[in-house]
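**Student:** Take this structure, written in structure tokens, and hold onto it; I'll ask about it next.
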Amino acid sequence: MSPLIEITDPKIFDPEVILIDVRAGADAHQRYLEGHLPNAIYATLDADLASKPADPAYGGRHPLPSLETFAATLTKWGVTPDSHVIVYDDKSAAMGAARLWWMLHAIGHENVQVLNGGLKAATDADIELNTDDYHPESTSAYPVPAEYKGTADIAEVDAAAKSNEQMVIDVRENARYLGRVEPLDLIAGHIPGADNLFYAKNLDEDGKYLPPEQLAELYQHTIGDIKPEDVIIHCGSGVTACHTLLGMASAGITEPKLYVGSWSEWSRRDLPIATENK
């Protein structure tokens, strides 16, 4: 199954599919009520896909929810281990959709796809949107997973950034990577040794992912001979990094890890910081 699905695929409107609309921001629910795909469940990045950090220096600004909490959320949405889940957002999957896709994969739920192009793809296709507040029926409890697979902690990232046989990729825009601006975290710059590949390069001018062969070429140019399992992806707080992990999966590269804490954790730990390339 491709990790991406097109708006023209009838599965999106299959009543057996669990369709989830993920938004971020203080006005997320209002935007959902102004228009969403039929039978799409409202979800929000901050409440459903992250926990509130006690200290961003330990876990970053968007730490993962506990496994018990995530299982309870899936139960609330009516998701079972056999459910086909399709997710989308209004940011070309750069925010919640890719994060939820990654979280489901990380607990072993493989039957999940992201709508390529997100809500814009639907409006461009003249799909009629709903304005109801859709609530699904709960099902039997989703089993609590054993772990989130495919994560790297701060010590592993530190070692990888210093290694010639591993790679850390920072997907933030280049100005943030170089430390010229920092709109969200306390200190500007990047992890010394990390490469930069802005996540927006995954997309075409319409906000859709590039074809798999073009994505593979993009990533191969950066990764070179490094094995995919030795690659760690990060961003500001472990959200947009999932956008590149989704693109990599579309290109057949499935083993890179996510550094969940990302720059929001690293920059608060009194660790070395770089402000030039690598």
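**Student:** Determine which member of the set Lys149, Lys162 is of a type outside the set (S, T, N, Q), modelled with pLDDT of 95 or more, surrounded by fewer than 21 Cβ atoms within 10 Å (Cβ to Cβ) and farther than 23 Å from Val239 by Cα. Give the derivation first.
**Tutor:** Details: Lys149 fails: farther than 23 Å from Val239 by Cα.
Just one listed residue meets the conditions, Lys162.
**Student:** Tell me, which residue of the range 166-179 that is more than 20 Å from Met248 (Cβ to Cβ) and either in contact (Cβ under 8 Å) with a residue 40 or more places away in the chain or in contact with a Cys (Cβ under 7 Å, 6 or more places away or on another chain) (or both) is surrounded by the most Cβ atoms within 10 Å (Cβ to Cβ)?
**Tutor:** Among them, the one singled out is Arg176.
**Student:** Just one of (1) in contact with a Leu (Cβ under 7 Å, 6 or more places away or on another chain); (2) closer than 20 Å to Ala72 by Cα; (3) aliphatic (A, V, I, L, M) trips up Leu129, so point out which.
**Tutor:** (2)
**Student:** Out of the range 205-251, which residues are farther than 17 Å from Trp102 by Cβ, free of Cβ contacts under 8 Å to residues at least 40 places away in the same chain and in contact with a Gly (Cβ under 9 Å, 6 or more places away or on another chain)?
**Tutor:** Leu210, Ala216, Leu218
**Student:** Further question on the same structure: Among the residues in the range 9-31, are any in contact with a Leu (Cβ under 6 Å, 6 or more places away or on another chain), within 23 Å of His109 (Cβ to Cβ) and small (Gly, Ala, Ser)?
**Tutor:** yes
**Student:** Moving to a separate point now. Given the options Leu184, Leu215, Leu115, Leu210, name the one that is exposed (fewer than 15 other Cβ atoms within 10 Å of the Cβ) and aliphatic (A, V, I, L, M).
**Tutor:** Exactly one of Leu184, Leu215, Leu115, Leu210 is exposed (fewer than 15 other Cβ atoms within 10 Å of the Cβ) and aliphatic (A, V, I, L, M), namely Leu184.
**Student:** Show the residue pairs meeting these rules: Cβ distance below 9 Å; 6+ apart or different chains; first residue within the range 118-144 and in a strand (DSSP E or B); second residue hydrophobic (A, V, I, L, M, F, W, C) and surrounded by 14 or more Cβ atoms within 10 Å (Cβ to Cβ).
**Tutor:** That search, which allows pairs on different chains as well, returns Asn130/Leu37; Asn130/Ala40.
**Student:** Filter the range 8-25 down to the residues that are of a type in the set (A, V, I, L, M, F, W, C) and farther than 17 Å from Leu246 by Cα, then identify the one that is nearest to the chain's Cα centre (by Cα).
**Tutor:** Start the filter on the range 8-25 by keeping residues that are of a type in the set (A, V, I, L, M, F, W, C), which leaves 12-13, 17-20, 22, 24.
Going one step further and asking which of them are farther than 17 Å from Leu246 by Cα, we end up with 12-13, 17-19, 24.
Numbers: Ile12: 20, Phe13: 23, Val17: 21, Ile18: 18, Leu19: 17, Ala24: 12 Å.
By that ranking, first place goes to Ala24.
The values are calculated or read from the model by the stated rules, or taken from the named source; none is laboratory data. This one's a predicted model, so the numbers in the text were calculated from it and none came from an experiment. Heads up, the Cβs are rebuilt from the backbone with ideal geometry, glycines too, and the neighbour counts pull from every protein chain shown.
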